[in-house]
Amino acid sequence: MTISPVLSTVTNRIRARSATGRSVYLSHLEEARRKGPLRKALGCTNLAHGFAAAPAGDKIMLREIHRANVAIVSSYNDMLSAHQPFERFPEIIKRAAREAGATAQFAGGVPAMCDGITQGEPGMELSLFSRDVIALATAVSLSHNMFDAALCLGICDKIVPGLLIGALQFGHLPTIFVPGGPMPTGLSNDEKARIRQRFAKGEVGHDVLLESEEKSYHGPGTCTFFGTANSNQMLMEVMGLHLPGAAFVNPNTPLRDALTAAAAKRAVAISDLGTEYTPIGRVVDERAIANAIVGLLATGGSTNHTIHLVAIARAAGIVINWDDFRDLSDVVPLVARVYPNGKADVNHFHAAGGMGFVIGELLDAGLLHADTLTVAGEGGLQRYRQQPFLQDGGLAWRDTPAVSGDASVLASAAAPFSADGGLKLLVGNLGRAVIKTSAVKPEHRVVKAPAIVFETQEAVMAAFDRGELQRDFVAVVRFQGPRANGMPELHKLTPLLGVLQDQGFHVALVTDGRMSGASGKVPAAIHVTPECLAGGPMARIRSGDIVLLDAEQGVLEALVDAAQWQARQPAVADLSDSHHGTGRELFAAFRANALGAEEGAMTFYAPESQDTAATPHTIPVHDHFVFATGDRA
């Protein structure tokens, strides 16, 4: 198989850029492995504490160092539909581990918050930083040195990236990610969007809106649109961290339970006490990260991963930036149409061939590295062309059909929905930003209009309600970056901007905040970096300035005389309302230490190592990630 020259070039560039950090990371991985099964190093008192509450049979195996013990780290809670199915998983896992001659212990829980609940609410300003809290909680869960492998149970927006960042600090431990699956299909996404826009125009009331939302979000499982949660599952598959075909099987079904049990048995097999040692720190290498970017582009996945993938990569000693996304986007075709990039949901996507079809098409086109290490073992990424099924009461895999089951949902790489991945890098005197164009019609991809400057999304909504936005304009919503207020998503702007666009106005959004996987038909330059609070030039813009957002040529520019632009004093915002209430006081250190969006918005570096004045796409290789051995990389 011939690899795309662009994929090869980008991967080699990542490898060269990451040489020092990756080498140090791998040396720590090997150091941790040399210590052998970690329970062996524990004193008798420590070990007794570690299995005091275990069943008698498990205690016998836990005393024997040659029997694997699998950690369960879970995001279970019963308020959130995506996480509620995980309630049943620990018992399935423990039973399967015993059948494999091993044990499993519930090592710890991590928090899981829902952006769907916190949209437009103060809690949304904790959302991005919850990823780092989850990473810390994962590290605490694995810190007892009782484990030979791990299963990470997570699914939604910040949970999977947080679990993965935390697990990568224990890179010597084999780790498999275990999803819960999407809820069955409810109200169509088109109808849901229509009701939201009618509500924004005042044509229907809260009762109609709530009835529509209840029909959309109606049972256990993830939301069915292709937002960050389902993009997470796609990424875990294309990175080889799921069992093949596990991503989009519905919860509480025999197949889902069989996949969960199989993940436990596979974790035992790939532990250092098994026959196929496969540490997560080796699975997540430069090729896997490049594959992840390709998968994101080919499926039109969440723009949140232009932040999360940077942080995930850095946790494995790998450095990527938005240039890598841009260059791959130019050659990766869009082969999936899933809402908001189409009418289908992830259940339709899965039924049409799902991840097996997508991975097969990309492999055949030379757009994925086939020779990566995966938790599935022999065969590399080729194994992920297969889909699971139940046969005679047992789990088996078969090849995914080579032809799409629904050409309106899945296309071939040879005849894609779009020749590029629909993710563009914008550069200009306003900074660097990303824009998701896969859902934006070509006629809306270039907007040149006067700016109207806002410092909260509530101010935009109020102006809309007052009838002040019936014109061509670019909404500039600033002071929304990680240091300012935690970089919230601004989804409440989507319906009203969509209404104005439908009325024939040329509108766009420019912000240092986020829009995520629900980025839709209105052009939105998001994640503008450097953010305003870190000296970003967007603080210089004034209402009335003409702004050019050109997604075709990759331009984000305030058309202001250069000398006048430089002479302007940056605006200052009062952010005090975003720094208290709903627990936001506790996150002051996160805000103070956060790097920029293109640097993953990470908070794990010591403040003195940050260089906020650096060119945004030049990501320094800092020395402040702490690995499981306790040494610094």
Which order do ARG266, ARG326, ARG514 take when ranked by solvent-accessible area (1.4 Å probe, heavy atoms of all protein chains), largest first? ARG326, ARG266, ARG514
Relative contact order (%) - segment 204-334, alpha-carbon pairs under 8 angstrom, separation at least six: 23
Heavy-atom accessible area order for TYR76, TYR25, TYR339, largest first, 1.4 Å probe: TYR76, TYR339, TYR25
With a 1.4 Å probe and every protein chain kept in, tell me what percent of the accessible surface of the chain is carbon plus sulfur. 54
Per the rule of 0.36 nm per residue minus the C-alpha distance, extending SER8 to ASP323 adds in nm 112.0 nm
If I model a spin label as a point 7 Å beyond the Cα along the Cα-Cβ vector, how far apart are those points for CYS44 and HIS66 in nm? 2.3
Sites ASP406 and PHE505, calculated FRET efficiency, Cβ-Cβ separation with R0 30 Å, nearest 0.05: 0.30
With every protein chain in place, what's the accessible area of MET461 (1.4 Å probe, Å², nearest 10)? 50
Mean accessible surface per residue for the chain, computed with a 1.4 Å probe while every protein chain stays in place, in Å²: 35
Contact order normalised by residue count of the chain, Cα under 8 Å, 6+ apart, percent: 15
Multiply the residue separation of ARG88 and ALA56 by 0.36 nm, subtract the distance between their alpha-carbon atoms, and state the gained length in nm to one decimal. 9.3 nm
With each run of n ≥ 4 DSSP H residues scored as -39500 (n - 2.57), what mean residue ellipticity at 222 nm is computed for the chain after dividing by its residue count and rounding to the nearest 500 deg cm²/dmol? -10500 deg cm²/dmol
Jot down the per residue volume, in cubic angstrom and as a whole number, of the convex hull over the alpha-carbon atoms of the chain. 146
Relative contact order, percent, of segment 289-398 when contacts are C-alpha pairs under 8 Å separated by at least 6 residues? 21
Search the structure for amide H atoms under 5 Å from the amide H of PHE454, placed 1.01 Å from N in the peptide plane, and list their residues when 5 or more places away or on another chain. VAL476, VAL477, ARG478
For VAL427 the rounded accessible area (nearest 10 Å², probe 1.4 Å, non-protein molecules ignored) is 70
Relative to the Cα centre, what is the charge dipole magnitude of the chain, using +1 at the beta carbon of each Lys and Arg, -1 at the beta carbon of each Asp and Glu, and rounding to the nearest 20 debye? 980
Förster radius 30 Å - calculated FRET efficiency between GLU378 and ARG33 (Cβ-Cβ, nearest 0.05): 0.90
Taking a 1.4 Å probe, which of GLU237, GLU121 shows the most accessible area, and what order do the others take after it? GLU121, GLU237
Run a plain Debye calculation on segment 260-360 (Cα atoms as equal point scatterers, no solvent) and give log10 I(q)/I(0) at q = 0.14, 0.16, 0.18 Å⁻¹, rounded to two decimals, same order as the q list. -0.71, -0.87, -1.00
Given the Cα-Cα distance of ASP364 and HIS580 and 0.36 nm per residue of separation, how much length would full extension add, in nm? 72.5 nm
Taking the Cα centre as origin and putting +1 on Lys and Arg beta-carbons and -1 on Asp and Glu beta-carbons, what dipole magnitude results for segment 195-236, to the nearest 20 debye? 160
If you count only protein heavy atoms and use a 1.4 Å probe, how large is the accessible surface of ASP406, to the nearest 10 Å²? 60
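The values are calculated or read from the model by the stated rules, or taken from the named source; none is laboratory data. Just so it is clear, the structure is predicted and the values come from calculations on it, not from any experiment. Ideal geometry is used to build each Cβ from the backbone, glycine not excepted, and the neighbour counts take in all protein chains shown. Just so you know, the surface numbers come from the protein's heavy atoms only, side chains and all, with ligands and any DNA or RNA stripped out. Shrake-Rupley method; radii C 1.70, N 1.55, O 1.52, S 1.80 Å.
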